[in-house]
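Let me begin by presenting the structure, written as structure tokens, before commenting on it.
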Amino acid sequence: MNFLCIPPVIISSILISAHFMRGGYSVAAVLCLLTPALLLFNRTWAIRIVQILLVLFAVEWLRTLFHHVQVRMEYEMPWLRLAVILGVVVLFTLASGFWSRRLTVNETQSS
């Protein structure tokens, strides 16, 4: 079951990384790309850190959504499609965080 939980985490990390790269924050982009690598530790703390990061990624997407919608409204440009697309990205990122709760630590390893 674990293998089904990992792809959404990877996709969310790639999306937020592309967002930061577009903004010129290459260090943040690389760090976001490394987020799924934490799951290689197969420890509870690593899964929790990934979940927290995914929630923070969703908060960044929400901030971006509100900022871009506000700018488009000020210039009387269409904003609904932008809001829907970024809203779906926010929901997907949050869902990735909640779905990753299903990740389990191998019980045969000691902590």
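The values are calculated or read from the model by the stated rules, or taken from the named source; none is laboratory data. The model shown is predicted, which means the values in this text are computed figures rather than measured ones. Cβ atoms come from the backbone with ideal geometry, glycine included; neighbour counts cover every protein chain shown.
Using the structure shown, decide if Arg81 is among the basic types (Lys, Arg), free of Cβ contacts under 8 Å to residues at least 60 places away in the same chain and farther than 17 Å from Leu39 by Cβ. Yes.
Of the residues making up the range 87-111, those that are at pLDDT 90 or above and not aromatic (Phe, Trp, Tyr) are Gly87, Val88, Val89, Val90, Leu91, Thr93, Leu94, Ala95, Ser96, Gly97. Residues in the range 3-30 that are among the β-branched types (Val, Ile, Thr) and modelled with pLDDT of 95 or more were compared, and the one that is surrounded by the most Cβ atoms within 10 Å (Cβ to Cβ) is Ile16. Against the criterion of being crowded, with 16+ Cβ neighbours inside 10 Å, within 27 Å of Leu80 (Cα to Cα), among the hydrophobic types (A, V, I, L, M, F, W, C) and without any contact (Cβ under 8 Å) to a residue 24 or more places away in the chain, Phe66 does not qualify.
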